[in-house]
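Worksheet for the structure shown next.
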Amino acid sequence: MIPPIANRFVAGESPATALEHVRQLNERDVSAIVNLLGEHYDEHDPVAADAAEYRRLVSDIANSGLEAAISVKPSQLGLDLGEDVFRAELTEVVDAAADRGVFVWIDMEDHTTTDATLDAFEAMARRHGSGVGICVQANLRRTRADVRRLADVPGKVRFVKGAYDPPSDVAYSDSDRIDEEYRKLLEYAFEHYDGGIGVGSHDPAMIEFAKALHDWYGTDFEIQMLMGVREDAQYELAAEYDVWQYVPYGDRWKSYFYRRVTERTDNLKFALRAVLSG
Ligand code: FAD
């Protein structure tokens, strides 16, 4: 069972609890991006099991009529076992989702996986048009070039600052520099993309910047935030903008929860309060 301390960030252990959370979000005009927690498998069994669960999940989403997409991690679908394994599993999930009209996001993991992830995304996007999306990380030095490459590829692009800690030869570590990159990437996308821009940030400054770019260029975008983070802002923004909440579920919640509590002092304080209050 997920302890109360992690409940704020994770929508239970089963697809049913996750979809119930999505139903409540939809009632407040927020859509959902559902992620089954799992990463870095070094055996094929858990890869096949998660891929099968995603295929069932897209059916459940389509049958329920909920406003929801899914998001998968490359190392969850076998990237650590080889690019061919990842491509084969991803293709089955994306084909099943396309059949049921459910959108598939591909999360971006650490910098050693960027090429394989972008290549797999591009192959899926060329096969299925606009039903897939990829995430790019503003902290990586290469991302400006990747974002230019993606201008000619169908599908959506989610812009994030980057949750991993890459070495300095491939990434910026200074937060002001990462913010500057984030703004530059957004500006390029709003100017050159036909839409399909996902602003994956809780940062009020980045959200304001995206709104201003939208007013200037008229390009469509969506705001994406995580479950448990600035939820009041998500509901407020949903009155005017397209807002999607990333909703993780499943019993492998520990490493995800650890990332959330260590990336921000407020989250850490929240976790400590939950522990101290029993
Ligand atoms: P930060 O730079 O962390 O904070 C800037 C400001 O935002 C803060 O000063 C504060 O005003 C506000 N803020 C931030 N967090 C909080 C909070 N908890 N409470 C209140 N205010 C807050 N990373 C990847 O590497 N790969 C992915 O595939 C990926 N997918 C993501 C999907 C979504 C939908 C989101 C929202 C993030 C994703 N990330 C991913 C994580 C991302 O890279 C960042 O690590 C994370 O979002 C923190 O950066 P930030 O832009 O939200 O704000």
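For the reader, a short list of remarks on this structure follows.
- On inspection, Thr143 qualifies as within 13 Å of the ligand (Cβ to nearest atom) and at pLDDT 95 or above.
- Checking the stated criteria, Ser168 turns out not to satisfy the condition of being among the small types (Gly, Ala, Ser), at pLDDT below 95 and more than 10 Å from the ligand (Cβ to nearest atom).
- Lone qualifier among Val132, Val147 - being touching a residue at least 12 places away in the same chain (Cβ under 8 Å) and within 18 Å of Pro74 (Cβ to Cβ): Val132
- Residue count, the range 112-143 (criterion: within 25 Å of Asp179 (Cβ to Cβ) and either part of a loop (DSSP other than H, G, I, E, B) or in contact with a helix residue (DSSP H, G or I) (Cβ under 7 Å, 6 or more places away or on another chain) (or both)): 11
- Note on the range 115-130: among residues that are buried (at least 21 other Cβ atoms within 10 Å of the Cβ) and of a type outside the set (A, V, I, L, M), the one that is farthest from Leu66 (Cα to Cα) is Thr117.
- When the test is whether a residue is free of Cβ contacts under 8 Å to residues at least 40 places away in the same chain, buried (at least 19 other Cβ atoms within 10 Å of the Cβ), away from the ligand (no atom under 15 Å from the Cβ) and not small (Gly, Ala, Ser), Leu186 does not pass it.
- One residue stands out among those in the range 233-269 that are touching a residue at least 40 places away in the same chain (Cβ under 8 Å), among the small types (Gly, Ala, Ser) and surrounded by fewer than 18 Cβ atoms within 10 Å (Cβ to Cβ): the one that is farthest from Val10 (Cα to Cα), which is Ala239.
- Residue that is nearest to the ligand (Cβ to nearest atom) [pool: residues in the range 90-120 that are among the charged types (D, E, K, R) and under 28 Å from Ala138 (Cβ atoms)]: Asp107
- Residue selected from the range 194-241 under the condition among the polar types (S, T, N, Q) and within 11 Å of the ligand (Cβ to nearest atom), by the criterion nearest to the chain's Cα centre (by Cα): Gln224
- Pairing each residue of the range 97-123 that is basic (Lys, Arg) with any residue that is in a helix (DSSP H, G or I), provided the two are 6+ apart or on different chains, yields C-beta distances under 8 Å for Arg100/Val58; Arg100/Ser59; Arg100/Ile61; Arg100/Ala62.
The values are calculated or read from the model by the stated rules, or taken from the named source; none is laboratory data. Just so you know, these numbers come straight off a predicted model, no measurement behind them. Using ideal geometry, Cβ is built from the backbone for each residue, glycine included, and neighbour counts are taken over all protein chains shown.
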